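Here is the structure we will look at, set down as structure tokens.
The values are calculated or read from the model by the stated rules, or taken from the named source; none is laboratory data. Computed from a predicted model, the values in this text were never measured in an experiment. Every residue, glycine as well, gets a Cβ built from its backbone with ideal geometry; the counts of neighbours run over all protein chains shown. Heads up: the accessible areas ignore ligands, DNA and RNA and are worked out on the full protein's heavy atoms, side chains in. Shrake-Rupley method; radii C 1.70, N 1.55, O 1.52, S 1.80 Å.
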Amino acid sequence: MAQQFDRMANDRFGKVVARLAQDEGARVLWGYDNSSLAAFQDARSASATKILDRTIADWREWNEQVATIEDTHGDWLHPSLRRAPDWLIQRGEAEFEAADYILCANDFVSGTIKRHSSAERIEDKIRHLPYCFDSKMYGSLPSPMPPEADKPVRFLFAGQLSARKGIQHVLEAVSALPPELASLTCVGPNLVPIGLLSGFSDRVRFLGAVPRAEMPAIMIQHDVLVLPSYFEGSAIVLLEAMAAGLAVIATPQSGLGPTARSGICIDRPDSELLAAAMIDIAQDNERLLEMRRSAQLEAQSYDSAAYRSNIEALLNGMVG
């Protein structure tokens, strides 16, 4: 019922937007996935360039990933993380058809759309617009300091504790590392059975959900962010962590993140691959410090000013 109400409300809102577009002579309509269809299809917005800002990868990709998780960690899947329904997939496909341009934050998102969509001219429509971090919160954090000798490397997982984001791999990976080499803190709301987490309580500090304003202070107390996600749009927490001076270990599905200078991108969500990457970083303090410093420098390309500049350049290219 909630999903049906959401669709009805989005469609009603879309008609209001279309009327405003006609009344005000709008040259561009910029909308988001699952809420743009009615506005884009309405005849009153026919003359406007329609830009779909796709904030998540194609749901057909997620349905494939669910099957992978079910094979290895099915007991970690929350009921809300089952396969995407047909109506959501069909609505997304209709938005692809109606849009003049489709904005994607990274290659993973655009790749899933190219792979799964049968919309006409789909490849020609796609443009890339990287997300940004909040410069007010993360733009002036201190530079990373050399790690303390003989102290474990401080790993951080930040986000929803869910099978989709790979929390199962994070916990299994840290359990394979000696305590003197690595510690782990997990921040975020829990979407896995408590009984599964309790088995890791001797190695992991679980903080639960915390106010967003507290995250910069938490981040600068750590060395490395880990996010072996199966499916994202582009996790902004990666950019926030880099701005805070953390090295990053992530999957291609996680979003924009580390280069070879600022972290490690593992091929896929996997406990053994993640553990190997964590060991690789934790055993070399000098390399870790260089990664952290590089991450903070690279993050400057994703601040709020860069995002505004990228939007301006895109609009100039689309509508002149």
Within the bounds of the range 191-203, is there any residue that is within 29 Å of Gln296 (Cα to Cα) and surrounded by fewer than 17 Cβ atoms within 10 Å (Cβ to Cβ)?
-> yes
Looking only at the range 117-142, which residues are under 20 Å from Tyr302 (Cα atoms), open to solvent by 30 Å² or more (accessible area, probe 1.4 Å), out of contact with any Gly (no Cβ under 9 Å at 6 or more places or on another chain) and not in a loop (DSSP other than H, G, I, E, B)?
-> His128, Ser135, Lys136, Met137
Given (1) open to solvent by less than 10 Å² (accessible area, probe 1.4 Å); (2) free of Cβ contacts under 8 Å to residues at least 12 places away in the same chain, index of the condition Ala244 fails | (2)
Failed item, numbered, when Leu238 is tested on (1) open to solvent by less than 10 Å² (accessible area, probe 1.4 Å); (2) under 16 Å from Gln160 (Cβ atoms); (3) touching a residue at least 24 places away in the same chain (Cβ under 8 Å) | (3)
Taking the condition on the phi < 0 side of the Ramachandran plot, surrounded by 15 or more Cβ atoms within 10 Å (Cβ to Cβ) and not β-branched (Val, Ile, Thr), does Asp100 pass?
-> yes
Would you list the strands (runs of 3 or more DSSP E) that sit entirely within the range 166-260 and hold 2 or more residues that are touching a Lys or Arg at 6+ places or on another chain (Cβ under 9 Å) and modelled with pLDDT of 95 or more?
-> 182-187, 224-227
All but one of (1) in contact with a Ser or Thr (Cβ under 9 Å, 6 or more places away or on another chain); (2) open to solvent by 90 Å² or more (accessible area, probe 1.4 Å); (3) among the charged types (D, E, K, R) hold for Asp71, so report the exception by its number.
-> (1)
Residue check for Leu289: surrounded by 13 or more Cβ atoms within 10 Å (Cβ to Cβ), of a type outside the set (Phe, Trp, Tyr), assigned to a helix (DSSP H, G or I) and over 20 Å from the mean Cα position of the chain (by Cα) = yes
Among the residues listed as Val170, Val192, Val226, the single one being of a type in the set (A, V, I, L, M, F, W, C) and over 23 Å from Arg82 (Cβ atoms) = Val226
Taking only pairs six or more apart or across chains, which ones have beta-carbon atoms under 6 Å, a first residue in the range 275-293 that is over 16 Å from Ala149 (Cα atoms), and a second residue that is basic (Lys, Arg) and assigned to a helix (DSSP H, G or I)?
-> none
Residue pairs meeting the criteria (Cβ under 7 Å; at least 6 apart or on separate chains; first among the basic types (Lys, Arg), in the range 15-42; second outside any helix (DSSP H, G or I) and buried (at least 18 other Cβ atoms within 10 Å of the Cβ)) | Lys15/Asp42; Arg27/Ala48
